Amino acid sequence: MPSVHNWQLGRSMEYPYPEHHPKWQFAFVFNTNRCLACQTCTMSCKSTWTFSRGQEHMWWNNVETKPFGGYPKHWDSNLLSMLDAANPGGQTWDATKTDPTKAPYGTFEGQTIFEAATGQSGPGGPVRALGYLPTPEDWTGPNVFEDHARNPATLPAGTTLPEHKVWFFYLARLCNHCTYAACLASCPRQAIYKRPEDGIVLIDQSRCRGYQRCVEACPYKKAIFRPNTNTSEKCVACYPRIEGKDQELSPNGEPCETRCMTSCPGKIRLQGLVEIGDDGNWVADPSNPLYYLIRERKVALPLYPQFGTEPNGFYIPPRWVPRGYLNQMFGPGVQAAIEQYSCPDRELLSVLQLFRATRQILFRFEIVQGPKVAEIEVTMPDGTKKTQSIWNDTVLGFNRFGKEVVRITTEEPVFERPKNHANSI
Ligand code: SF4
Ligand code: SF4
């Protein structure tokens, strides 16, 4: 198999196709600390793309309660168990072997889903990626275990939980439009392709024959089979909006964020495009909000980077969750990300204001400094106290054409309701 470089793993790895990179890459950052599990994102996707017969079980966007929830059921724990069986106890990182461009989190020493499948063959030929086909039962009940910190059925009889030790968090998910997509790698019909202009991964419905190898191989289980058309379908990243072709939203061709991103009341989502160089590296651009959060500050981390697909969805990890669990889910950058997020400096705080400030994709930001307005005491993850200075800076956001489309201050403006309207809404 060809060797490709995976920057999230900090090393080369085997992949069925040689490196070939798009000019721009669809990417997103989710702040898990802010998700309400309101499912507005889920329903906005459902009502746009998957409301027809045969698509009842399709939730291209879903929000699951970790650690027990998942759609399809147990998708991640199932694959983690398979990887551990293939490479017992070996899924480790060397966090000392870092490089700002090629290995920002250190080096992964375990096996990816592609490497763990080496030498395996199935009914349709060689197996390209370790995976499994969920059962019809696994695709039922997308909200099983919603808001459960602990599944009581798994506790031995008479067991009581220690107080204040329970935890859960909401994980919003969609297709990661992976750089080394496992769905694409496994398709025997070459029906899946990655667009050169924006890295969006699509299934050509006219080529698909419903073999479901993509469903089996996608580690995030975001390629889904549709029985009445005998084809697989997946998130299309609302590509007309990304292209600026939604006439109502983009009268002048401005690229806009997807439906699930723009509908988020929790303001957890920021989506955009990052430029990719000919060598596959992200072109250094710290004024792009996504580049800044992911590559410059490393405050947002990939979901299960050890799977090896180089997913392009990134998460600011939840502060209250045990680190062992988070390290398994987001890799070795968790502690540094949470420390920064717990007490952000004035620049990071300004960029965090950009989440859900506009529907247009932001390609650049600028910060205009303002006066200091407060000092607050912050409790850090290790229990120590820190003083955070709050500056009323203004962040400006610019669209693809360099036009200012966002201007927002750190301190929220206060409007006093006139006395004669005191009780009206
Ligand atoms: S998340 Fe799954 S369906 Fe989406 S590109 Fe990656 S491997 Fe393919
Ligand atoms: S709309 Fe936003 S806050 Fe609501 S569930 Fe989705 S990601 Fe979470």
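The values are calculated or read from the model by the stated rules, or taken from the named source; none is laboratory data. Keep in mind that this is a model prediction, so the values were computed, not measured. So basically every Cβ, Gly included, is an ideal-geometry build from the backbone, and we count neighbours across all protein chains shown.
For the reader, a short list of remarks on this structure follows.
- Residue that is at pLDDT below 95 and either buried (at least 20 other Cβ atoms within 10 Å of the Cβ) or of a type in the set (D, E) (or both), where the choices are D99, D84: D99
- Where a residue in segment 330-348 is among the aromatic types (F, W, Y) and its partner, wherever it lies, is surrounded by 19 or more Cβ atoms within 10 Å (Cβ to Cβ), with Cβ under 6 Å and at least six apart: F330/L301; F330/P317; Y341/V299; Y341/I316
- Any chance G253 is in contact with a Ser or Thr (Cβ under 9 Å, 6 or more places away or on another chain), away from ligand 1 (no atom under 16 Å from the Cβ) and assigned to a loop (DSSP other than H, G, I, E, B): no
- For segment 167-186, filtered to residues that are under 17 Å from E115 (Cα atoms) and crowded, with 24+ Cβ neighbours inside 10 Å, the residue that is nearest to ligand 2 (Cβ to nearest atom) is C178.
- Selection status of K267, at positive phi, surrounded by fewer than 23 Cβ atoms within 10 Å (Cβ to Cβ) and away from ligand 1 (no atom under 16 Å from the Cβ): yes
- The residues of segment 43-101 that are more than 22 Å from the chain's Cα centre (by Cα), among the hydroxyl-bearing types (S, T, Y) and closer than 29 Å to L293 by Cβ, listed by number, are T96, T98.
- Residues in segment 387-406 that are surrounded by fewer than 12 Cβ atoms within 10 Å (Cβ to Cβ) and either touching a Ser or Thr at 6+ places or on another chain (Cβ under 6 Å) or of a type outside the set (G, A, S) (or both): T387, K403, E404.
- Members of segment 251-275 that are under 16 Å from T48 (Cβ atoms) and not basic (K, R): C256, E257, T258, C260, M261, T262, S263, C264, Q271
- All conditions but one from (1) out of contact with any Asp or Glu (no Cβ under 6 Å at 6 or more places or on another chain); (2) modelled with pLDDT of 95 or more apply to W320; the one that does not is (2).
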